[in-house]
1. Counting Lys and Arg as +1 and Asp and Glu as -1, each charge on the Cβ, what is the dipole of the chain about the Cα centre in debye, to the nearest 20?
2. Relative contact order for region 354-414: what percent, with Cα pairs under 8 Å and sequence separation of 6 or more?
3. Quick one: what do you get for the chain if you divide its Cα Rg by 2.2 N^0.38 Å?
4. Over 10 Å intervals from 0, what percent of Cα-Cα pairs in region 354-414 sits in each interval?
5. Kindly state, to the nearest 0.05, the FRET efficiency for K132 paired with E373, given R0 = 60 Å and r defined as their beta-carbon distance.
6. What shape does region 1-126 take by its C-alpha gyration tensor, where a ≥ b ≥ c are the square roots of the eigenvalues and a/c under 1.5 counts as rounded, a/b above b/c as prolate, and the rest as oblate?
7. Between L233 and R125, what is the label-point separation in nm under the 7 Å Cα-to-beta-carbon projection?
8. Let me check I've understood the local charge: for I276, count other residues with C-beta under 13 angstrom from its C-beta, Lys and Arg +1, Asp and Glu -1. What total comes out?
Amino acid sequence: MFTKSFLKKIAEKEGVPLSYIEQKIKEGKIIIPLNKKKNIKNITAIGEGLKIKINTNIGTSTENTDIKDEITKLNTAVKFGSNTVMDLSTGGDLRKIRKAIIKNSSVPVGTVPIYEVAKEVERRRGSFDRIKKDDILEIIEAQAQEGVDFFTIHAGILKEALNILENRKRIGGIVSRGGAIIARWMYVNNKENPLYENFDAIVDIVRKYRVTISLGDALRPGAIADSTDKLQLLELFTLSKLVKKCRRKGVQVMVEGPGHIKLDEIGMNVILQKKICGGIPFYILGPLPTDIASGYDHITSAIGSTIAAMHGADFLCVVTPAEHLRHPSIKDIQEGVIASKIAAHSVDVLRFEDEWKRDLLLSKYRSQRRWEEVFKLTLDKDKAKNYRKSEKTSLNDICTMCGKFCSLKIIDSCNLLK
């Protein structure tokens, strides 16, 4: 699948032996989302024993179709440390937008093909209720040819789930956009999920282009009241079967999950996914351990994803302050990426020496009030620098919080640390 020289570069980047990368890829526990038709500057590996990676969702909506804004969001996400991006566009010329994002991205790009399928069928036939097998396969192949590196495929939601949902109402319903499209299609047509029924054909297409499959969690809880319910678990067990199909055909795969989850259930969710899916990478959407933080869900997500990463989650999805409220702005993207980077680093600092040394060095500089060196090591250098310079002090080496009563200067004057 990948050459030894290519994997050697990955191993050096991750600080692990080449033999480790080779073995874990063979086991499906490490993936490298990279379409065989392209080369990109910032290749990333995701999985067991590696640093936690993060993904940022960008893309137009039906209400906001400006491509330039999305390219700026792409650049902002990469600048602040996003390892991948996903183009979730639903408004405007989707192919044109996707090609622009792929062209301008130095990191792997993912999509959710069912969005374009739904929009295209709606244009051709008036309603996405009229989606057919060929519509799905045609667009998946076209996107793969364009260079998409990974697809979210919502193949785990089955008709059985609709029966359960009808009889056992959920507080949050179905919050996955792709999941809702498929659920609606199944309900109207009284047929099984076409992504599930044609999964073998989808796998055959992606294998030709070395596209990674991300098995979408269409039934992730959208409220903590629905946390770890029957629908979520039913889908997870279905996804575990689809994982085996991917593995048998040599297709890289990861599993998404789980949404709004109570704090004390986050660790258990990760452990369960790892156990029944054979240790393949887990791509965390959130999780959000409370529902009341509108406008601050980047913080809620950072709390949940830190716990998830501690228990073995490999890949974090950026949640912005705009979550549930609006199409995210460039500033929202920046704040969301930094929150996710804090979560990832909080776990990586316990596992990797270079991450630990960064904190150690910054702490030394801070104790010496060497501000310029501190700024260089912070996640958001400009914000730290602006905060520091926003208030003038009588002494250059103190801040305005403690002023002349700076604890560090007081201890310095006693020579206790020399």
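Computed from the coordinates by the stated procedures, all read-outs in this text should not be read as laboratory data. Please read all numbers here as calculations on a predicted model, not as lab measurements. Methodologically, a virtual Cβ is constructed for each residue, glycine included, from the backbone with ideal geometry; neighbour enumeration extends over all protein chains shown.
1. Numbers: 69 positive and 52 negative charges, 232 e Å.
Using Cβ point charges on Lys, Arg, Asp and Glu, the chain gives about 1120 debye.
2. Numbers: 30 pairs, mean separation 13.9, N = 61.
In percent, rounded to a whole number, it is 23.
3. Numbers: Rg = 22.7 Å, N = 418, 2.2 N^0.38 = 21.8 Å.
In units of the 2.2 N^0.38 Å rule of thumb, it is 1.04.
4. P(r) over region 354-414, rounded to whole percents: 21, 50, 26, 3.
5. Values: r = 61 Å, r/R0 = 1.01.
Given R0 = 60 Å and the Cβ-Cβ separation, E is 0.50.
6. Working: a/c = 2.73, a/b = 1.99, b/c = 1.37.
It is prolate, given that a/c is not under 1.5 and a/b is the larger ratio.
7. Those two pseudo-labels are separated by 3.7 nm.
8. On the way: positive: K241, K244, K274, K275; negative: E235.
Overall, the nearby charge balance is +3.
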